[in-house]
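Heads up: the structure comes next, in structure tokens.
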Amino acid sequence: MHSWCLFNAYHSAYLGAKGILAILGVSLPNLAGRQIVIDLFPERLKTKKAIGSFGASPFQDFLAVSIPHQLDQRYLWEVFQHVLRISKADCWNLGLRQEIITLSYEEITPPRNHFLYKVQFWPLNDLTVDGTIDEMNHLFGTELTSEGRGFLLRLCFSVYCLFEQLMLDLSKLSAVIKEQVDASRCLSNPRLPELACYSSFISQIESGAGQNLDT
């Protein structure tokens, strides 16, 4: 059911992006019914006006900002792109990172919204008959573009791959993280049938197909 797979892939990517943000010191908890943005490593604010607008001190260790309304998902993607842009992580595949950064954050959520708000929307031809594994392996394409049929699937794979690379890097320093990483099906048993599509994606990335990789 590849069409539903795309819908689920978006939510996987969204949660993955929030996870990476949390690892890098940015979280968005809800406190007393209000959403808060917490940045453990804020950039230096350059002007007094900017400092006052956030209610922050240039000498504080972290930044906490209350948001009047629930943060729209597209703005979380904008935050995610910004954090990817300013963070130094030598473990990352630079091609995947750059593909995400160069997307327009305004174009990431609409493909998911079609499922929710277009009554007759069904993107692929699997409404009555499930797609094949071979079709699935071709669905994610060779580049991350919001106009691609399998955009949400490739977005999911790209975000997860960056997350996985961070975890592998951190596992060198933390026995607790290493224990979790070693238990990951994607790493411990990548030949599982249900991981065939992701394994194909990884093979493509490693071969450099459709990518401008610097790793």
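Measuring nothing but how far apart in sequence close Cα pairs (under 8 Å, 6+ apart) lie, relative to its length, segment 112-172 scores a relative contact order of 19 percent. Couplings 3J(HN,Hα) for segment 21-37, derived from phi with the Karplus relation 6.51 cos²θ - 1.76 cosθ + 1.60 (θ = phi - 60°), are 4, 4, 4, 8, x, 10, 9, 10, x, 9, 10, 6, x, 10, 7, 10, 9 Hz, where x marks Gly and Pro. Relative to the dominant Cα principal axis of the chain, helix 196-207 is inclined by about 70°. For the chain, relative contact order (Cα pairs under 8 Å, six or more residues apart, normalised by length) works out to 26 percent.
Lysine pair count for the chain with Cα-Cα distance under 23 Å and sequence separation of 8 or more or different chains is 6.
Checking (1) -0.36, -0.90, -1.08; (2) -0.29, -0.95, -1.28; (3) -0.33, -0.97, -1.20 against log10 I(q)/I(0) by the Debye sum over Cα atoms at q = 0.08, 0.14, 0.16 Å⁻¹ calculated from these atoms, the matching label is (3).
Rounded to the nearest whole Hz, the Karplus-based 3J(HN,Hα) values (6.51 cos²θ - 1.76 cosθ + 1.60, θ = phi - 60°) of segment 66-75 follow the sequence 8, 9, x, 10, 4, 5, 4, 4, 5, 6, with x at glycine and proline. Of the residues 196, 17, 32, the one that moves most in a GNM of the chain with alpha-carbon contacts below 10 Å is 32.
Distance between the C-alpha centres of segment 168-203 and segment 75-99: 21 Å, rounded to the whole angstrom. Using θ = phi - 60° in the Karplus curve 6.51 cos²θ - 1.76 cosθ + 1.60, the 3J(HN,Hα) couplings for segment 160-172 round to 4, 4, 5, 4, 4, 5, 5, 5, 4, 5, 5, 5, 6 Hz; x is entered for Gly and Pro. Computed about the Cα centre, the dipole magnitude for segment 90-207 is approximately 180 debye when only Lys and Arg (+1) and Asp and Glu (-1) carry charge, each at its Cβ.
We did not get these values from a lab; they are worked out from the coordinates using the rules stated. Just so we're clear, the structure is a prediction, and the values are computed from it rather than from any experiment. Reconstructed Cβ throughout: ideal geometry from the backbone, glycine too, with neighbour counts over all protein chains shown.
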